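S.K.: Here it is, the structure in full.
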């Protein structure tokens, strides 16, 4: 084809290519352009009797075909506990404990250690190959002034518990306020409740026991402390291959009367729980930063330990409740 033929063919297809570039919806149409007075506008009547295009016969589509254009398979938002994963041994995760420490770890209080961050460091060190690591967690990244760590092994009673049991044990936030310490049954928290959100801090009830695990979960809580006052806490749960991590931090400043005693995210705690062959492993670390003039007036290590005790007792009580519940095992099926 010579040049003239190619040019004519180009002119023939030019309107087909150019027309879609100028096609716009009514909402996207630009403002009318000013035209010279000697150019008369072209009037086009858009009426039902004079359509721009002839209607084509409708295409018959079945309900199943129509749905297939809009329905897609979403990723699951829950997971079932993989029953084919062999539980690990407690000794494999913490191989360096002494004989005395191994006896104490199954006691009611477990192993405890609290210290000032400027004077010491955590002493409970899991096997580096276990994947359990709290030393570099965000608790330490907040540069707390005081730290408390705890290590407890809760033996099984009626049956072996799994991560769904652990998750449901952690779901009863309102039960934290019922925990007492000491011979006089002193309550650290007078109220513990879930909140609707960080912005709408309206109390809501705890949910019913779950039938399957979420991949992760974020919740907002309010703890009314007898010493500190109201603490607004953000809790986050994350499921991993072997265990469950529960982290908490205050998402608002803490005030005592009209005085601010703690800034946002100056309290943090992280709790790792794993069903091992011997029972449920609970490994926690909590940190807090308070100004020096407050620290000098408080036995801060003792206060942190008391609150860790309340949280540990709450978890153990929840696990015992789950242990007493006969729950059918949901088989794990890979997607």
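S.K.: Test of understanding: what is the full-extension gain from residue 174 to residue 156, defined as 0.36 nm times their sequence separation minus their Cα-Cα distance?
M.R.: Gain on extension, residue 174 to residue 156, equals 4.0 nm.
S.K.: Using the number of other C-beta atoms within 10 angstrom as an exposure proxy, rank 246, 256, 186, 289 with the fewest first.
M.R.: Result, fewest neighbours first: 186, 256, 289, 246.
S.K.: Could you line up 202, 102, 252 from fewest to most neighbouring Cβ atoms inside 10 Å?
M.R.: Final ranking by Cβ density, sparse to dense: 202, 102, 252.
S.K.: In nm, to one decimal, how far is the residue 251 label point from the residue 130 one, both placed 7 Å along Cα→Cβ?
M.R.: In this crude label model, residue 251 to residue 130 measures out at 3.1 nm.
S.K.: A further question follows. Neighbour counts of other C-beta atoms within 10 Å: give me 261, 139 arranged from fewest to most.
M.R.: 261, 139
S.K.: Also, quick follow-up: Label-point separation (nm) for residue 217 and residue 324, each offset 7 Å from Cα along Cα-to-Cβ?
M.R.: The answer from the label model is 2.1 nm.
S.K.: So if each residue of separation counts as 0.36 nm, and I subtract the Cα-Cα distance between residue 119 and residue 186, what length gain in nm does that give?
M.R.: That works out to 21.1 nm of additional length.
S.K.: Taking a point 7 angstrom from the Cα of residue 238 along the C-beta vector, which residues in segment 268-285 have backbone N less than 12 Å away?
M.R.: Counting backbone N atoms under 12 Å from the label point, the list is 270-272.
S.K.: If you average 1/r over every pair of different alpha-carbon atoms in segment 97-323 and take one over that average, what Kirkwood value in Å do you get?
M.R.: Its Kirkwood hydrodynamic radius stands at 18.1 Å.
S.K.: Continuing with this model, one more query. Given the Cα-Cα distance of residue 99 and residue 202 and 0.36 nm per residue of separation, how much length would full extension add, in nm?
M.R.: Computed gain between residue 99 and residue 202 is 32.2 nm.
None of the figures in this text is laboratory data; all of them are computed from the coordinates on show. What you see is a predicted model; the values in this text were computed from it and never measured. All Cβ positions, glycine included, derive from the backbone under ideal geometry; neighbour counts span all protein chains shown.
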